[in-house]
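These notes concern the structure reproduced below.
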Ligand SMILES: Nc1ncnc2c1ncn2[C@@H]1O[C@H](COP(=O)(O)OP(=O)(O)O)[C@@H](O)[C@H]1O
Ligand SMILES: [Mg+2]
């Protein structure tokens, strides 16, 4: 079964008003079970809108969204996905551990069990020694790892991420990319990842979905198959070839034949 199926989705905001805007037009997207898909495109092309539709934070004007075969609303109720945004969005008055526990608390999980699970998630992102700290005592990169641990805490089959590393320096970003890949591989999580970095999209993804602006549409889908997703992979010719392919798709220029 597919992790996500978006079918003929159009989203128009402020219908009938002077500021009416069609953010997405006739979008079809299928994310396979365990697949890592990135959405890339110019600012304002509807990436966040598409992610929010999948998360059932907003509703499509027309078309349908299913998550693991269920309607997006049902999937949200069942916490079928975890979500992480550009801003970590942690609660400052809660310790790191209690931030990660929050979705489990909302689920009604018992105290001992949720503490154990939250500790396990913090270990996964390399923050096992920071459970007792408050978010303000952590660097931006560490806060973002806490947000990822929180998103993973309910062990969702699907992870939705909107530029989660956008505010981080390049070194931290590369480290977290590798960590994220390790976590997804370990847990079999399907992922939809929004970014405006071509290299990030290529490094992380099984498939890069390219969008164009006004109204947002999917214009290309680039399958990525790197020999390895590590430092060697980042320096391999296939990595650079895929970056070129995505860049050209973003520009809307046809691919040159490489001889
Ligand atoms: N809640 C909203 N109300 C009105 N317009 C919106 C709303 N959310 C997004 N938009 C508009 O929809 C378009 C796509 O926005 P968005 O999905 O945030 O783009 P991206 O994430 O690709 O930068 C933009 O023109 C934006 O102004
Ligand atoms: Mg956005």
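Reported count of residues in the range 210-232, each being without any contact (Cβ under 8 Å) to a residue 40 or more places away in the chain and farther than 19 Å from residue 49 by Cβ, is 9.
If you go through the range 48-72 and keep only what is more than 16 Å from ligand 2 (Cβ to nearest atom), under 20 Å from residue 85 (Cα atoms) and touching a residue at least 60 places away in the same chain (Cβ under 8 Å), you end up with just 67. Based on this model, can you work out whether residue 146 counts as touching a residue at least 40 places away in the same chain (Cβ under 8 Å), touching a helix residue (DSSP H, G or I) at 6+ places or on another chain (Cβ under 7 Å) and crowded, with 21+ Cβ neighbours inside 10 Å? So residue 146 fits the description; yes. Residues in the range 134-144 that are modelled with pLDDT of 90 or more and either over 15 Å from residue 88 (Cα atoms) or not in a loop (DSSP other than H, G, I, E, B) (or both) were compared, and the one that is nearest to ligand 2 (Cβ to nearest atom) is 143. Among the residues of the range 18-47, the ones that are within 12 Å of ligand 1 (Cβ to nearest atom) and crowded, with 21+ Cβ neighbours inside 10 Å come to 9 in all. As a summary of the residue check, residue 176 satisfies the conditions (1) in contact with a strand residue (DSSP E or B) (Cβ under 8 Å, 6 or more places away or on another chain); (2) in a helix (DSSP H, G or I) except for the one numbered (1).
One residue stands out among those in the range 157-172 that are more than 16 Å from ligand 1 (Cβ to nearest atom) and at pLDDT below 85: the one that is surrounded by the most Cβ atoms within 10 Å (Cβ to Cβ), which is 168. Against the definition (modelled with pLDDT under 95 and touching a strand residue (DSSP E or B) at 6+ places or on another chain (Cβ under 7 Å)), how does residue 233 come out, yes or no? Spelling it out, it is not the case that residue 233 is modelled with pLDDT under 95 and touching a strand residue (DSSP E or B) at 6+ places or on another chain (Cβ under 7 Å).
No other residue among 72, 80 is over 30 Å from residue 252 (Cα atoms), touching a helix residue (DSSP H, G or I) at 6+ places or on another chain (Cβ under 9 Å) and surrounded by fewer than 22 Cβ atoms within 10 Å (Cβ to Cβ) apart from 80. The single condition from (1) assigned to a helix (DSSP H, G or I); (2) modelled with pLDDT under 95; (3) under 25 Å from residue 93 (Cβ atoms) that residue 116 fails is (2).
Residue 57 meets all of the listed conditions (1) in contact with a strand residue (DSSP E or B) (Cβ under 8 Å, 6 or more places away or on another chain); (2) more than 19 Å from residue 252 (Cα to Cα); (3) in a loop (DSSP other than H, G, I, E, B); (4) within 12 Å of ligand 1 (Cβ to nearest atom) but one, namely (1).
The values are calculated or read from the model by the stated rules, or taken from the named source; none is laboratory data. Here the structure is a predicted model, which is why all the values come from computation and not from measurement. We place every Cβ from the backbone using ideal geometry, glycine too, and count neighbours over all the protein chains shown.
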